[in-house]
Amino acid sequence: MSYSKLATASAIAIAVAGVASTAQAEDLTLCWAAWDPANALVELSKDFEAQSGHTMNFEFVPWPNFADRMLNELNSGGKLCDLLIGDSQWIGGGAENGHYVKLNDFFDAEGISMDDFVPATVYAYSTWPKGTPNYYALPAMADANGWFYRKDWFERDDIKDAFKAETGRDLTEPATQKELLEIAQFFQEREIDGQTVYGASIFTERGSEGITMGITSALYPWGFKYENTPGTYDMEGAVNSPEAVEALEFYKEFYETATPPGYTNSYMGESLDAFKSGQVAMAMNWFAFFPGLASDPDVGDKIDFFVNPPQNQAGSTLGGQGISVVSYSDKQDAALEYIKWFSDPAVQAKWSELGGASAHKSVFEDPAYTERLIFGADFVEAMDAVQDFWQEPAYAELLLAMQKRMHDYVVADQGTAKEALDKLIEDWTEVFEDEGKL
C-alpha cells in the first residue's frame, strides 16, 4: 500500500488512539533544532495532542547553537527536555553517560521493530555500541548532504555551447567530484544576464560543524576511513591516506577557485542565501531543506537536485537524527507514548507529507515517494552510501579538532593537506588516550 493511502485521517486517529494514555495528561517538551522540519513536527504533533490528551511544548534552538545548548542541558542533568531529537553523533555519549533511556524493552513490549526502518538510519541514529541491537533512539529524521543547481542556466543554449567549447563535453549534472569542480569553475565569475555569478556555495564554517560536514562530502567519495580496522582507533594510514590527502586538496581548490568572494565562514544559511539570491550556479546543503527549495516561489521552478557525486566510490555525508527519551525527565511514560505514536506507519506517512523525512521503510521504499518528490530518487540513492562522523562519547572534542585543522588548511591557507591530516591524527589520538581507548 502506498504511503499516501496510509496517511488518512482515520488511520492516524486509530494509531494515536492505540497509545492514548490512561494516566493523567502531561505537558511534554520536545527539544530539537530550529528549522523547517521542526515546524512540520509541530503540525504533526497536534494529532498526538488531540488523541492522547497530553500537551506538546517545543524548544527549538538555531543550528549554530544547538549542540552547545543541548549537550550542556544533558551534561547538567537538566529537566527541560522530555524528548530530544539529537544529532547522530551524540548517540554514544547519550548512551554511555546515561542521558538517554535504553528503549529495547519498550520496543519489545510495544511491537516496534527496527527492521521496519532503513538500516543506515538504525545504525547511525539508534545503536550503541555501533551496529549492536542496543537502541537509544527511534530514527526520526533521515538526512544526507546533497546538491542543487540552476537548471534554467544549465539548459540555456549559450551557456551549453560555451561549456562544450571550454571542456569538450556536454553540460549535465556531474557524474564525479572532479566534474563537479569543473562545472563550478566554468561558472566562476561568469556574467549571466548582466550579473557576475560564481560556481558554488560550499561549507566553510568553523564555529560548529560546517567545514567538517563539507569536507567529508569530498573525503567519503575518495574512500576516506576513520580507522583501518573498525573499533581499533588505528588512524595512521587511514585518516591521512593518499586518497584523503587528494580529497582535502580538492576541497581547498574548490574553495579557492569556485566559490563567492569572502565565503570564509559559511554553513547552511549562507549556502541557501547565496543560491536564492542568484549568486551561484550550484550549492551543497542537507536534503532536509530540499522540500522548501522545491516549493520556493522565487527559485522552485528553476532548479533541480543531484546526489553528492562519487569519485573512487559513492559517498554522502550523513545528517539526520533519532528521537530519544531523556533519562532525567519526570514524564518518561508520556514521552514513551509519543515514541510509540510516532513509530506508526500512518503517522510516519503524514510526517513525510508535511515536510519531514521519514526513515520508515513503508514510506522510504514506496515508489510513490520518489514520484512525489523531485529529489526523492537522489535522496534514496544518497542514503544507500552515507557515512557519519565519529559517534564517540568524546564527539565534541573530536569535532572541534577537525574543525580547526580543516579550516586552518582550507580557509586560512596554513600548511599542506598531509600536515593538516597528520595533526588531526595527533589531536584525535590525544582524545582517545584521555578516554582510555588507546
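Some values worked out for this structure:
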quantity	calculated
Equivalent ellipsoid semi-axes - Cα gyration tensor, the chain, angstrom	37, 27, 18
Mean separation of Cα contacts under 8 Å, 6 or more apart, over the residue count of the chain: relative contact order %	27 percent
Percent breakdown of C-alpha pair distances by 10 Å bin, ordered from the shortest bin, for the range 32-145	12, 40, 41, 7
Charge dipole (the range 145-317, unit charges on Cβ, about Cα centre) - positive-most of Tyr263, Ala294, Val245	Ala294
Computed lengthening from Ala377 to Arg169, 0.36 nm per intervening residue step minus Cα-Cα distance	72.4 nm
Cα-only Debye scattering, the range 303-438: base-10 log of I(q)/I(0) at q = 0.16, 0.18, 0.20 Å⁻¹	-1.04, -1.09, -1.15
As computed over the range 145-317, the Cα convex hull volume per residue (Å³)	117 Å³
The range 109-187 - accessible surface per residue (Å², probe 1.4 Å)	40 Å²
Those GluC sites (Glu not before Pro) in the range 89-157 that DSSP places in a loop and that have at most 16 other beta carbons within 10 Å	Glu155
Theoretical gain in end-to-end length, Ala50 to Asp105 [0.36 nm per residue, Cα-Cα removed]	17.1 nm
Most positive-pole-ward Cα, Phe224, Gln195, Ile183, against dipole of the range 166-227 from beta carbon charges	Phe224
Percent carbon-and-sulfur accessible area, the range 398-438, ignoring ligands, DNA and RNA, probe 1.4 Å	45 percent
Rounded percent of accessible protein surface that carbon and sulfur make up, the range 216-291, 1.4 Å probe	50 percent
Per-residue [θ]222 nm for the chain (sum of -39500 (n - 2.57) over DSSP H runs n ≥ 4, rounded to 500)	-14000 deg cm²/dmol
Of Lys178/Lys225; Lys130/Lys404; Lys164/Lys423; Lys102/Lys350; Lys46/Lys102; Lys130/Lys340, those spanning more than 30 Å from alpha-carbon to alpha-carbon	Lys164/Lys423
FRET efficiency, 1/(1 + (r/R0)^6) with R0 41 Å, evaluated for Glu59 and Thr229 via beta carbons	0.55
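The values are calculated or read from the model by the stated rules, or taken from the named source; none is laboratory data. Note that the structure is predicted; figures quoted are calculated from it, not measured. Note that we place each Cβ from the backbone using ideal geometry, even for glycine, and neighbour counts take in every protein chain shown. Heads up: the accessible areas ignore ligands, DNA and RNA and are worked out on the full protein's heavy atoms, side chains in. Shrake-Rupley method; radii C 1.70, N 1.55, O 1.52, S 1.80 Å.
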